[in-house]
Amino acid sequence: MPVPIRVARSPDGVLAYAIPMPPEALPAVAPRDLEAAWEQARAAAAAERWGAPRRLLFQRRDGSPQELLLADADAACWAEAVDARHDLGTLSGLSLCLRLLALVEVMTRARWLAGLYSLTAEGIELHPALLRAAAAMPLDAAARFDERDLRRLLSRPIPSGVPA
C-alpha cells in the first residue's frame, strides 16, 4: 500500500505537503523519468509557468518535523512542472522533483561534474551516467546529493537495479 502524502493549500496559496518520512528515505526513480522531468521543467521555465511555493514537512525517523520550503521562483516553477506530470502528492513524484532540484544544485557547486553535461543551443544535455547516479543515489537529510558520494558512485559502474 502506498504511503500517503497529505497535501493542502494554505490561504496565502502555499501548497503544504505532510510527508511521513525523511528526505533520505525517498525512493529511487527511473533515469528516463528524471530526464523527462528535466525537459518538462526546462520547458515550463521557458514558458514562464511559475508555480506556487511549496512547504514540505518531513517526519524524521525520531518523529521530529523537518521543513523544506521551495519558495524560489525557479524551484517553484520546476516543482509545478513535475507535479503536473508526476503528482508531488506521491512518493515517486516527490522523489523525482527533489532529485531534479538536487541535481541542479549539485551541478552549481561541483565543478568536476562539468564533463558530465554539456551546454547546447537547446539547453543542457546530461550524460546518462549522471542521470543514472541522480536517479539511484539517496538524498541526504537536506534533500541534496552528497558530493563525495556522488563522485564515488560515478567513479564505478552504476548498478542497473533501477529501471531505465
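The values are calculated or read from the model by the stated rules, or taken from the named source; none is laboratory data. Worth saying up front: this structure is predicted, and the values here are computed from it rather than measured. Heads up, the Cβs are rebuilt from the backbone with ideal geometry, glycines too, and the neighbour counts pull from every protein chain shown. Heavy atoms of the whole protein, side chains included, go into the accessibility calculation; ligands, DNA and RNA do not. Shrake-Rupley method; radii C 1.70, N 1.55, O 1.52, S 1.80 Å.
A compact table of results
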| read-out | value |
| --- | --- |
| Under the span-like rule (Cα at least 24 Å along the axis, Kyte-Doolittle mean at least -0.5), DSSP H helices of the chain | 91-109 |
| Residue with peak Gaussian network fluctuation, the chain [Cα springs, cutoff 10 Å], from E35, E24, E122 | E122 |
| Per residue solvent-accessible surface (Å²) - segment 58-116, probe of 1.4 Å | 46 |
| Cβ-Cβ FRET estimate between H127 and D72, R0 fixed at 25 Å, reported to 0.05 | 0.45 |
| Given charges at beta-carbon only (K, R positive; D, E negative), |dipole| of the chain in Debye | 400 |
| Computed label-point distance, nm, for sites A36 and R85 using a 7 Å Cα→Cβ extension | 0.7 |
| Accessible carbon and sulfur surface of segment 1-143 relative to its total accessible area, %, 1.4 Å | 56 |
| Mean Cβ count within 10 Å, highest first, over the residues of peptides 68-76, 49-57 | 49-57, 68-76 |
| Extension reserve of the A8-R152 stretch, reckoned as 0.36 nm per residue once the Cα distance is removed | 48.0 nm |
| Helical contribution to [θ] at 222 nm, DSSP H n ≥ 4, -39,500 (n - 2.57), averaged over the chain, rounded to 500 | -13000 deg cm²/dmol |
| Listed values (i) 16.2; (ii) 15.6; (iii) 16.6, entry calculated as Kirkwood radius over Cα pairs in Å | (i) |
